[in-house]
Amino acid sequence: MPLNAAVPLSWYLILSAILFALGVAGFIFRRNIITVFMSIELMLNAVNLTFVTFSYQFKQVDGHIYSFFVMVVAAAEAAVGLAIILTVFKNRSTLMIDEVNSMKY
Amino acid sequence: MNFFIVSLIKVAVVAFVLLTTLAYLQWIERKVIAHVQLRVGPYRVGPHGLLQPLADVVKLITKEGLMPSHVNRLFYLLAPFVAVALALTSIAVIPFGPEIKIGPVDTWMQLTDLRIGILFVLAVSSIGVYGVALGGWASNNKYSLLGGLRSSAQMISYELPMALAVVAPLLLANTLSFREMVNYQSGYWLGFIPRWNLFPEIFGFIVFMIASFAETNRVPFDLPEAENELVAGFHTEYSSMSFAAFFMAEYANMVTVTCVATLLFLGGWQPPFPAPYSDFVPILVFAAAGLVALYHGLNPARRMDRFTLPATALLFLGIAAIFGLSLFVPVAKEILMALFWFCGKVLFLLFVFIWVRATLPRFRYDQLMRFAWTGLFPLAMLNLLGTGLVVALTTK
Amino acid sequence: MTALIFIIFAAIAVFCGINLVVQTHPIASALSLIGVMGSLAVLYLQLGGEFIAAAQVIVYAGAIMVLFVFVIMLLNAGAEASTFQVSRFVKYLGAILLAAFLGLISLIIQSTLPRTEGVTFGAFQGTAVDIGRKLFTTYLWPFEVTSVLILIAIVGAIVLARKEI
């Protein structure tokens, strides 16, 4: 296809779906707690892309504002989540989520 | 096609001038600090040490580039690259002058104008933290790690007062692009006081300057790269061109931050008093400098000065003649006047940076962080609230 | 030009996303995530979200990821040693199945979406003026609630990160 053509909107949604799926894969399969957290951030970024894409379709800035709120909430969540990770590390001396299992049967 | 060629020419000119300025900024710094400390500074390499930057470049290129063992190779090599690339990128949105027409070409003296130019500069300086943090971590050395972490914590802590200090002129001018910010500051109150943002926003300017000292890791906030505390901090393990890259990144950051301060607070390329009279200022300044050099060249203190001082006098008088002749060519006059005032203000702020380095001792790390969060940040907030209140009450 | 930029930066985003999931060392994952955020910022620019692109770089890539990188450096997180051993066959099969799944998703999205217009750079501009206007009129209540949320997060993070725990 000629390189000057307009990009169909569905391609952005497909990219967002791929990134979200990769985020879910990272969340399920990785065992370092910081990497799990970063997969969550990847999922949030994919959702931001969807918001901005639909905002383009309707030609309104509401999608940008939702995306902005997602960023703000992600910032707050990252701050508290990393503080929790630091506390867990101080108590358990490990970053692997499999080893934080003292309440398991 | 015309646009691409013009842009390429502008990029070439700006890149060449910027890189030469970075090299000679180091010469200026060493000379100024030396004269403050009552010594001479670089003197032997070329007349009055003018070829010292060239000698430094040759030394840095030919030095052995060691890579220590057990470092993380990719990040060790990536860090100086990131630092330099980002430091040089933010010059792309800095306007040096107004719109000019040379023949058929009608362009601004700026590489590109973004509608969000100020946000672009803030964004690039936000990512510039990674160059330092990665450089410190990848060196596999506890002093470098500490220096890198401290430096990046300092940079992100002082980004906040800097951004708040930047927002106050944005409220006044109602725009995010640099061109319109400078256009907002044109004109004069009472016919002779320039409408610079410095006068309503004096606290914002002070907060911005203090925060920019910390952002660029300059004294008094240079504990992360202090030589006596941290063995040169995050660039301990770097030698030759990588070290030169970090060095260049620091000076480029200094130039960027002073350019942004000039554009936001000091009116960019606008002269301080109205146009017909301010055109004679460059001629007078350079002619006076040339005459002073000529006078000292007649009875020189050192033997070499019998040749260098008259040569300098000739150079300055030549520049004064160029400014004088340009008064008759409108295109050249616009370009030269804008460049003179812009570069004059930027050089003055750079001189303040160097002057402060020669004068002040450095902060301890906890004093530095406490000052950012309990001193500068509330002051910047109060400034912003005051500005917002005034704007809200006075707009219709 | 639009399609070329989209293809390049989408490829970078997907490559960095895969890198994030596959790398063992957390710092490499963090840098891949910064790569994803940077390429997404370019895509936002293409979709006309210039303010959101700048906010993404300033807030997400320039502050949140710095926080991640700090924590990784402070905790000296090393490369993850995998304790469950999967055979190579399973890994390749998993990659192929993932690619097939993503292809299926792409096909479904492409076929069920009505024929929308294409994206051209410049057709829509989400300027800071529009965003500010909407943010302080229609979305004022969420804005104020979000500021309280940030205050809660600051207090929580400081309390959790104190020494005496």
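The values are calculated or read from the model by the stated rules, or taken from the named source; none is laboratory data. None of these values were measured; they are calculated from a predicted model. FYI the Cβ positions are ideal-geometry reconstructions off the backbone, even for glycines, and counts take in every protein chain you see.
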Every residue from segment A:62-80 that is aromatic (Phe, Trp, Tyr) and at the interface with chain C (Cβ under 7 Å from one of its Cβ atoms): A:68, A:69
Residue that is nearest to residue C:71 (Cα to Cα) [pool: residues in segment C:14-51 that are in contact with a Cys (Cβ under 8 Å, 6 or more places away or on another chain) and within 7 Å of chain A (Cβ to nearest Cβ)]: C:33
Answer from B:370, B:362 - the residue that is in contact with a helix residue (DSSP H, G or I) (Cβ under 7 Å, 6 or more places away or on another chain) and over 23 Å from residue B:269 (Cβ atoms): B:362
Checklist (1) touching a residue at least 60 places away in the same chain (Cβ under 8 Å); (2) closer than 29 Å to residue B:18 by Cβ; (3) exposed (fewer than 13 other Cβ atoms within 10 Å of the Cβ) applied to residue B:275, failing item: (1)
Single residue of A:89, A:51 found to be of a type in the set (Phe, Trp, Tyr) and in contact (Cβ under 8 Å) with a residue 12 or more places away in the chain: A:51
Residue check for residue B:38: in contact (Cβ under 8 Å) with a residue 12 or more places away in the chain, of a type outside the set (Ser, Thr, Tyr) and either within 29 Å of residue B:239 (Cα to Cα) or outside any strand (DSSP E or B) (or both): no
Leading residue by the ranking (nearest to residue B:262 (Cα to Cα)) among those in segment B:135-155 that are surrounded by fewer than 20 Cβ atoms within 10 Å (Cβ to Cβ) and either touching a helix residue (DSSP H, G or I) at 6+ places or on another chain (Cβ under 6 Å) or within 12 Å of another protein chain (Cβ to nearest Cβ) (or both): B:153
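Yes/no matrix, rows are residues, columns are (1) within 14 Å of chain B (Cβ to nearest Cβ); (2) not hydrophobic (A, V, I, L, M, F, W, C):
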position	(1), (2)
C:59	yes, no
C:74	yes, no
C:79	yes, no
C:96	no, no
C:105	no, no
C:117	no, yes
Filtered residues of segment C:106-165 (kept if touching a Pro at 6+ places or on another chain (Cβ under 9 Å) and small (Gly, Ala, Ser)): C:118
Helices (runs of 4 or more DSSP H) contained in segment B:292-396 and holding at least 1 residues of a type in the set (Asp, Glu) and loosely packed, with under 14 Cβ neighbours inside 10 Å: B:365-371
Members of segment B:78-123 that are surrounded by 23 or more Cβ atoms within 10 Å (Cβ to Cβ) and facing another protein chain (nearest Cβ under 8 Å): B:119, B:120, B:123
Of all residues making up segment C:138-153, the number that are more than 7 Å from every other protein chain (Cβ to nearest Cβ) and part of a helix (DSSP H, G or I): 9
Flag for residue B:132 being β-branched (Val, Ile, Thr), in contact with a Gly (Cβ under 9 Å, 6 or more places away or on another chain) and more than 14 Å from chain C (Cβ to nearest Cβ): no
Considering residues of segment C:119-137 that are more than 23 Å from the chain's Cα centre (by Cα) and either facing chain A (nearest Cβ under 9 Å) or among the charged types (D, E, K, R) (or both) only, the residue nearest to residue C:6 (Cα to Cα): C:123
Residue, surrounded by the fewest Cβ atoms within 10 Å (Cβ to Cβ), within segment A:51-105, restricted to residues that are of a type in the set (Lys, Arg) and assigned to a loop (DSSP other than H, G, I, E, B): A:104
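Residue by residue, here is whether (1) hydrophobic (A, V, I, L, M, F, W, C); (2) closer than 22 Å to residue B:249 by Cβ; (3) in contact with an Asp or Glu (Cβ under 9 Å, 6 or more places away or on another chain) holds:
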position: B:2; (1), (2), (3): no, no, no
position: B:12; (1), (2), (3): yes, yes, no
position: B:21; (1), (2), (3): no, yes, no
position: B:28; (1), (2), (3): yes, yes, no
position: B:33; (1), (2), (3): yes, yes, no
position: B:48; (1), (2), (3): no, no, yes
position: B:61; (1), (2), (3): yes, yes, no
position: B:64; (1), (2), (3): no, yes, no
Breaking point among (1) modelled with pLDDT under 90; (2) more than 22 Å from the chain's Cα centre (by Cα); (3) part of a helix (DSSP H, G or I); (4) not basic (Lys, Arg), for residue B:8: (1)
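Conditions (1) touching a Ser or Thr at 6+ places or on another chain (Cβ under 8 Å); (2) facing another protein chain (nearest Cβ under 7 Å); (3) closer than 19 Å to residue C:157 by Cα, marked per residue:
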site: A:16; (1), (2), (3): yes, no, no
site: A:21; (1), (2), (3): no, yes, no
site: A:28; (1), (2), (3): no, no, no
site: A:32; (1), (2), (3): no, yes, no
site: A:60; (1), (2), (3): no, no, no
site: A:82; (1), (2), (3): no, yes, yes
site: A:96; (1), (2), (3): no, no, no
site: A:104; (1), (2), (3): no, no, no
